[in-house]
């Protein structure tokens, strides 16, 4: 994240959320702690991600949403894995929503361009 390999606000947010989801998934069996410990672990990781790209507004927004999921889950979870699983699912939903939004943008744009071509000899933007 700090090396700015990923560019574009939405992509930064999704890459950050998914990178932490991969880390969590990979280390699920090695974490010894309570649901509160899991929440604290995730909060620290999310804060680091925000710090790594402080001007990425979408990242900060995603972190806020993910923290809400973590907090709600940790308040009722009996195990740390419940918190981690809720985080992973929330990150995956963010990805699915982002893909759906991008497809919708492309579809609307394609329809607009097709309509412009049907109604004119040249594009009128």
**OP:** Answer yes if at least one residue in the range 10-33 is outside any helix (DSSP H, G or I), in contact with a helix residue (DSSP H, G or I) (Cβ under 7 Å, 6 or more places away or on another chain) and over 26 Å from residue 103 (Cβ atoms), and no otherwise.
**Re:** yes
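Condition check ((1) farther than 13 Å from residue 17 by Cα; (2) touching a helix residue (DSSP H, G or I) at 6+ places or on another chain (Cβ under 9 Å); (3) surrounded by fewer than 20 Cβ atoms within 10 Å (Cβ to Cβ)) across all residues:
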site: 39; (1), (2), (3): yes, yes, no
site: 51; (1), (2), (3): yes, no, yes
site: 57; (1), (2), (3): yes, yes, yes
site: 63; (1), (2), (3): no, yes, no
site: 67; (1), (2), (3): no, yes, yes
site: 72; (1), (2), (3): yes, yes, yes
site: 75; (1), (2), (3): yes, yes, yes
site: 100; (1), (2), (3): yes, no, yes
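Only the coordinates and a few stated rules stand behind these numbers; no lab work does. Note that the coordinates shown come from a computational prediction; the quantities given were computed from them, not determined experimentally. As a convention, Cβ positions derive from the backbone with ideal geometry for all residues, glycine included, and neighbour counts pool all protein chains shown.
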